[in-house]
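Colleague: One structure, as structure tokens, below. Some questions next.
The values are calculated or read from the model by the stated rules, or taken from the named source; none is laboratory data. The structure displayed is predicted, hence computed values, not measured ones. Neighbour counts are summed over all protein chains in view; Cβ atoms, including those assigned to glycine, are modelled from backbone coordinates with ideal geometry. Heads up: the accessible areas ignore ligands, DNA and RNA and are worked out on the full protein's heavy atoms, side chains in. Shrake-Rupley method; radii C 1.70, N 1.55, O 1.52, S 1.80 Å.
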Amino acid sequence: MMALTGFPVEGAMTPLARKIYSQINNPTQKSQTPIQQGTLFLCSHDKSLTFLWQYARSFATGKKGNIMNNTAHSAKTTKKILLAGVFGPYGVDDEYGRKENVMELFHNQVTKAQGGASFRHHHRSFGLYFIAANLDADVTILDFPSKARFEKELDKAYDAVGISFIAPNAKKAQEMSRMVRKKLPNAEIILGGHGAAIEGVEDIISCDHVVKGEGIMWMRRYVGQNVSDPIVHPALPSTERRSIHGVSLPGVTSSLLVPGVGCVNACSFCSTSHFFGKEYTPYIRTGKELFNTCCAIADARGTDSFFIMDENFLKDRERALALIDEMETHNRYFTFHVFSSSEAIMAFGIDNMVRLGVSFSWIGFESKTGQGEFEKNDGITPKDLVRQLRSNGISVLGSGILCMEHHTPENIQEDIDFMIDIEADTVQFMLFTPLPVTGLYKRLQKKGLIKMDLPFEEWHGQKMLNWNHPAFPGDMAERFLKGAFKQEYEVNSSTLYRVIETATKGYEKLQSTPNRSPNLETRMETLRQRVKKYSVMLPAIKATAVNPLAKQRAVALEKKVIELVGKPSFKYAMLRQAAKLIALGWEMRLKIKGDVIQPQTIYTEFKRGDAQKGNRDVPVVTISETPTLCTGCPSSMNNAAFVAAK
């Protein structure tokens, strides 16, 4: 039996507490459970035995996950902690996972049907880095490990092992827990991420703590650290190993920026909104703080481009406008990829988005036939909104949901056609998937519609429904999903083609705008460079076009690019031909070996005191001297990537 850890030293207990403590942890008395000895009744009359009561109950029942579900240690302790994402391989059918659960956001649920033209990249388990950077402890992060690599890491004497996972990876987390118990019997196991929301997860996965509260503050309490210490932001790349058509994208990838977590729109299906109690918790509260944070991260990583990990960034209109003022005052400009709802975009204004430097926006249009279910889209014509954004050089990812409660085989095609007709740069299709903690899950659970007998490995939203939809039995949902992706690609051509087209439109518009401010001059030059950079891929797009229409579009776009930015130099001409040859080779590789790309394991250490010495593996930036932390709602700081946590 694992020794009781995390309790005050034995000398601080009452005599009765010490007696029960010794009985519980005496290996020779395993057959005599505390319940059999009648000691649990006495526990309720001794305040120092509250924790022992919980522990003894878990020992007697064999359930070890409820011991400290919503609390953490308060005494200062020296902890050596391992934080890990689930092991690979990913996106394959094996005893732990499914091939449809790909460890790539775009190739999993956005550009998956585009073959060699699919956007390929990986996202780190961002939450683990935020937790580690904000702890006064020795913390190691093992991201994308193999099972063997994780097991080898357990050779080190860790006091605690945190495992971050989502529901489809529950079986992997279960196996990792088993490995920890075997190799480090005295280490505490901490479960976090969206998977921690699974009802009765402590009965499925052996653990000591299930973190369902805000991650940074919980872990600070766990190591005995002051929860009010300043919050720091790690300077991280937003993506790893970027490529399209097999061609690695040059330059430094955009940096990650997390201004806050949660969303007040609280769509019924949204896990992250419900994790945060349907509220927004800002970590960076003002435009000035945002600007200063961007400057520091940009200086550390060498790029002025950011991917903003925030559910609805433009919802805080005043903060975003203040950021524009700061950039224009200091004549330093950044570009941003954002998530925002339609109503937030309309309230903020597209002209302001251009001034802010938004180059990409992810928008949830969800459904046409069920539009009354989403107030965020009321009174908005998605196609007009997308057209305006793209004409200003802002690429759009439109998100749609299939197999909603009102859908039938007769009306679902209307929603598929609707999402295709908005002509966004790219489209995400997801099956209507109720996940734990969401309002949707609770509602369907009450109706007895959740498929509780369906393995969690299938709860990824890209093959089958995890609830009983009367209109979509068998594999019907999967067939509609695959058909939607295929149709979208064939009708609108590749996402890369559309991204180049959007940049071209934006550059042309700004070029024709009189009396441009220094801000708009910068935005115009950024778009010009984007057109030059990505138009290198036009020969590859033509050579691998999905149909004659796609090829014709690429030819016409190439003429437009030459008209605007001139003929390619000798260097660019060589790059264009090289990209074409690589793309053709990549198509052959996909046919022979398949399209699975495994991410490389990333090993990162955060040592106590390294922040003061300035020699951390990952640079960090102080963003708040007096942090605002949500005490009653779980945090994506626990998650293995909030956007598409894996």
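A quick yes/no check of all residues on (1) surrounded by fewer than 19 Cβ atoms within 10 Å (Cβ to Cβ); (2) over 22 Å from the mean Cα position of the chain (by Cα); (3) modelled with pLDDT of 95 or more:
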residue	(1), (2), (3)
Ala117	no, yes, yes
Gly127	no, no, no
Val139	no, no, yes
Arg149	yes, yes, yes
Lys152	yes, yes, yes
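Colleague: Give Ile205, Ile190 a once-over and let me know the one that is at pLDDT 95 or above, more than 21 Å from the chain's Cα centre (by Cα) and not charged (D, E, K, R).
Modeller: Working: Ile190 fails: more than 21 Å from the chain's Cα centre (by Cα).
Checking each option against the conditions leaves just Ile205.
Colleague: Of a type in the set (Lys, Arg), in a helix (DSSP H, G or I) and either at positive phi or open to solvent by 10 Å² or more (accessible area, probe 1.4 Å) (or both): does that describe Lys212?
Modeller: Considered against the rule, which asks whether it is of a type in the set (Lys, Arg), in a helix (DSSP H, G or I) and either at positive phi or open to solvent by 10 Å² or more (accessible area, probe 1.4 Å) (or both), Lys212 comes out as no.
Colleague: Given (1) over 28 Å from Tyr507 (Cα atoms); (2) in contact (Cβ under 8 Å) with a residue 60 or more places away in the chain, identify the lone condition not met by Ile297.
Modeller: So Ile297 meets the others, but not (1).
Colleague: Any chance the stretch 457-477 includes a residue that's surrounded by fewer than 21 Cβ atoms within 10 Å (Cβ to Cβ), out of contact with any His (no Cβ under 9 Å at 6 or more places or on another chain) and among the aromatic types (Phe, Trp, Tyr)?
Modeller: Looking for residues that are surrounded by fewer than 21 Cβ atoms within 10 Å (Cβ to Cβ), out of contact with any His (no Cβ under 9 Å at 6 or more places or on another chain) and among the aromatic types (Phe, Trp, Tyr), one finds none in the stretch 457-477, hence no.
Colleague: Something else about it: Could you give me the residue pairs with C-beta distances under 8 Å whose first residue belongs to the stretch 261-273 and is touching a residue at least 24 places away in the same chain (Cβ under 8 Å) and closer than 13 Å to Phe339 by Cα, whose second residue is among the hydroxyl-bearing types (Ser, Thr, Tyr) and open to solvent by 20 Å² or more (accessible area, probe 1.4 Å) wherever it lies, and which are 6+ apart or on separate chains?
Modeller: Pairs found: Val261/Tyr280; Gly262/Tyr280; Cys263/Tyr280.
Colleague: Now for a separate question. When the stretch 157-185 is examined, which residues are found to be assigned to a loop (DSSP other than H, G, I, E, B), at pLDDT 95 or above and open to solvent by 20 Å² or more (accessible area, probe 1.4 Å)?
Modeller: Asp159, Leu184, Pro185
Colleague: Looking at (1) open to solvent by 20 Å² or more (accessible area, probe 1.4 Å); (2) without any contact (Cβ under 8 Å) to a residue 40 or more places away in the chain; (3) in a helix (DSSP H, G or I), which is the only condition Val531 fails?
Modeller: All conditions pass for Val531, except number (1).
Colleague: Select, from Ala347, Ala322, the only residue that is in a helix (DSSP H, G or I), open to solvent by 10 Å² or more (accessible area, probe 1.4 Å), touching a residue at least 12 places away in the same chain (Cβ under 8 Å) and in contact with a Ser or Thr (Cβ under 7 Å, 6 or more places away or on another chain).
Modeller: Details: Ala347 fails: in contact with a Ser or Thr (Cβ under 7 Å, 6 or more places away or on another chain).
On inspection, the qualifying residue turns out to be Ala322.
Colleague: If you don't mind, another one. Go through the stretch 325-335 and count every residue that is touching a residue at least 60 places away in the same chain (Cβ under 8 Å) and either over 24 Å from the mean Cα position of the chain (by Cα) or surrounded by 24 or more Cβ atoms within 10 Å (Cβ to Cβ) (or both). First the steps, then the outcome.
Modeller: First, the residues of the stretch 325-335 that are touching a residue at least 60 places away in the same chain (Cβ under 8 Å): 327-328, 331, 333, 335.
This time we only want the ones that are either over 24 Å from the mean Cα position of the chain (by Cα) or surrounded by 24 or more Cβ atoms within 10 Å (Cβ to Cβ) (or both), so: 327-328, 331, 333.
So the count comes out to 4.
Colleague: Hey, another quick one. When you go through (1) open to solvent by 40 Å² or more (accessible area, probe 1.4 Å); (2) closer than 21 Å to Thr622 by Cβ; (3) touching a helix residue (DSSP H, G or I) at 6+ places or on another chain (Cβ under 7 Å) one by one for Ala300, which number turns out not to apply?
Modeller: (3)
Colleague: Of the conditions (1) modelled with pLDDT of 90 or more; (2) under 18 Å from the mean Cα position of the chain (by Cα); (3) more than 22 Å from Gly349 (Cβ to Cβ); (4) not charged (D, E, K, R), Asn312 clears all except one; give me its number.
Modeller: Looking at each condition in turn, Asn312 falls short on (3).
So that you can scan it fast, the table gives a plain yes or no per residue for (1) open to solvent by 40 Å² or more (accessible area, probe 1.4 Å); (2) under 20 Å from His194 (Cα atoms); (3) in a loop (DSSP other than H, G, I, E, B):
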position: Ser206; (1), (2), (3): yes, yes, yes
position: Arg221; (1), (2), (3): yes, no, no
position: Val227; (1), (2), (3): no, no, yes
position: Arg242; (1), (2), (3): yes, no, no
position: Val252; (1), (2), (3): yes, no, yes
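Colleague: Checking Glu410 against (1) free of Cβ contacts under 8 Å to residues at least 12 places away in the same chain; (2) surrounded by fewer than 22 Cβ atoms within 10 Å (Cβ to Cβ); (3) over 25 Å from Lys486 (Cβ atoms): exactly one of these is not met. Which one?
Modeller: Here Glu410 meets the rest and fails (3).
Colleague: Moving to a separate point now. Examine the stretch 489-511 for a residue that is open to solvent by 20 Å² or more (accessible area, probe 1.4 Å) and without any contact (Cβ under 8 Å) to a residue 12 or more places away in the chain, and state whether such a residue exists.
Modeller: No, the stretch 489-511 has no match at all.
Colleague: Where the second residue is part of a helix (DSSP H, G or I) and open to solvent by 10 Å² or more (accessible area, probe 1.4 Å) and the first is farther than 16 Å from Ala197 by Cα and lies in the stretch 163-179, which pairs have Cβ atoms under 7 Å and are six or more apart or on separate chains?
Modeller: Met179/Glu151
Colleague: So Gln428 ticks every box in (1) surrounded by 22 or more Cβ atoms within 10 Å (Cβ to Cβ); (2) at positive phi; (3) not hydrophobic (A, V, I, L, M, F, W, C) but one. Which box is left unticked?
Modeller: Unmet for Gln428, out of (1) surrounded by 22 or more Cβ atoms within 10 Å (Cβ to Cβ); (2) at positive phi; (3) not hydrophobic (A, V, I, L, M, F, W, C): (2).
Colleague: Yes or no: Phe418 under 28 Å from His274 (Cα atoms), modelled with pLDDT of 95 or more and open to solvent by 10 Å² or more (accessible area, probe 1.4 Å)?
Modeller: yes
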